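The values are calculated or read from the model by the stated rules, or taken from the named source; none is laboratory data. Source: prediction; values computed, not measured. Counting neighbours? That spans all protein chains shown, and the Cβs are built from the backbone with ideal geometry, glycine included.
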């Protein structure tokens, strides 16, 4: 990995993000010098182990004495020493219980989903605050999301700068472009809702404005969509259920003397679009490939009904081929249903088969013994005299007789 910070976004970040999209962020780690591991953690492209640590393995090489003790999972302090049976091994310092040696555990929810919830939410940047938040949640569980707007046009870095001096914070910032930054870990308490218990039970999402007070604090559609999708992913990750305002989605102004989140608040001009984005994304995340709408299910039932037979006390007894034939004949053999067409084709096949192989001799079932050549010859002669070309079997018999005569000649 490059040793310069500015080169990282243009080299490795996109590679790591692609790996996280495929494997899930919690399955992605990094081995490198101390700065590379720290940069990967800041950019949110490797697994977050909690407690300020990421799935990073710091090597002594090029680290200039830095061991990663405050943020890494492992430190490779000694290289290539003799181990069992003379095998060369490294000696590592282990900082975390999970360092890639065991399968990860994922959060389960009431919904069935194939999404790796441990990789949620998807963020573009992590810039961890070093003050004005509380480690842990005081024993409280996360119950809902609280929406805010910046009353300003801030970036994630801008929020970090403001919160260095202002005693406030939020977990996430959604920028004007839709880019998402995380500043406080979900496991910690941000100072965003003007109420201790509410802070401990919630996750705060800030939304950047795209204009100032003179423009009445507008918010871009990119921010609205990204904010809603972020909330959906957090609801799924923490088992809060489908986004629903008043239940797991709340507004800042419910506590404290504030109009925040202003136009995003319930009844505001952006509220409906934001909620739709959240619910649509949640539905996408929790849906299965074979899920069907009621209309699709009804159509499938109709197709199955045609293929298997009509309903009879909730069962499919199957179709009567004679009734299907009669229905097709009544339509002049045009614009048939699928099963009527199958019945016509089947009846025609039976007739052809009868002609080719022979008639049914046994009323209890098919017992084809074949045609008598003399009968075929006599039948064809009578038909030819009457101007009829005869059946396929009669014509085949004539062909066979002709070939035998030619051979004898």
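Residue 247: within 22 Å of residue 199 (Cβ to Cβ) and either surrounded by fewer than 21 Cβ atoms within 10 Å (Cβ to Cβ) or more than 18 Å from the chain's Cα centre (by Cα) (or both), yes or no? Yes: the conditions hold for residue 247. Residue count for segment 178-198, restricted to those that are more than 26 Å from the chain's Cα centre (by Cα) and either outside the structural domain of residue 137 (by TED's automatic domain parsing) or farther than 16 Å from residue 258 by Cα (or both): 7. Restricting segment 20-37 to residues that are under 15 Å from residue 76 (Cα atoms) and touching a strand residue (DSSP E or B) at 6+ places or on another chain (Cβ under 9 Å) leaves a set whose member that is surrounded by the fewest Cβ atoms within 10 Å (Cβ to Cβ) is 31.
Criterion first (in the same structural domain as residue 184 (by TED's automatic domain parsing), under 23 Å from residue 138 (Cα atoms) and at pLDDT below 95) does residue 234 satisfy it? It is false that residue 234 is in the same structural domain as residue 184 (by TED's automatic domain parsing), under 23 Å from residue 138 (Cα atoms) and at pLDDT below 95.
Could you tell me whether residue 240 is closer than 29 Å to residue 41 by Cβ and buried (at least 24 other Cβ atoms within 10 Å of the Cβ)? Walk me through how you get there before you give the answer.
Numbers: closer than 29 Å to residue 41 by Cβ: yes; buried (at least 24 other Cβ atoms within 10 Å of the Cβ): no.
No.
Given the condition modelled with pLDDT under 80 and touching a helix residue (DSSP H, G or I) at 6+ places or on another chain (Cβ under 7 Å), answer yes or no: does some residue in segment 294-306 qualify? For segment 294-306, residues modelled with pLDDT under 80 and touching a helix residue (DSSP H, G or I) at 6+ places or on another chain (Cβ under 7 Å): present. For segment 178-199, name all the residues that are outside any loop (DSSP other than H, G, I, E, B) and surrounded by fewer than 17 Cβ atoms within 10 Å (Cβ to Cβ). Correct list: 196, 197. Within segment 129-143, the set of residues being buried (at least 16 other Cβ atoms within 10 Å of the Cβ) and not in a loop (DSSP other than H, G, I, E, B) comprises 133 only. Scanning segment 148-177 for residues that are under 25 Å from the mean Cα position of the chain (by Cα) and surrounded by fewer than 19 Cβ atoms within 10 Å (Cβ to Cβ) returns a single hit, 177. Checking each residue of segment 345-365 against the condition of being at pLDDT 80 or above, closer than 20 Å to residue 391 by Cα and in contact with a helix residue (DSSP H, G or I) (Cβ under 8 Å, 6 or more places away or on another chain) gives no match. Return only the number of the condition from (1) within 40 Å of the chain's Cα centre (by Cα); (2) at pLDDT 80 or above that residue 338 does not satisfy. Going through the list (1) within 40 Å of the chain's Cα centre (by Cα); (2) at pLDDT 80 or above, residue 338 breaks only (2).
Is it true that residue 374 is loosely packed, with under 13 Cβ neighbours inside 10 Å, modelled with pLDDT of 80 or more, at negative phi and not in a loop (DSSP other than H, G, I, E, B)?
Values: loosely packed, with under 13 Cβ neighbours inside 10 Å: yes; modelled with pLDDT of 80 or more: yes; at negative phi: yes; not in a loop (DSSP other than H, G, I, E, B): yes.
Yes, satisfied.
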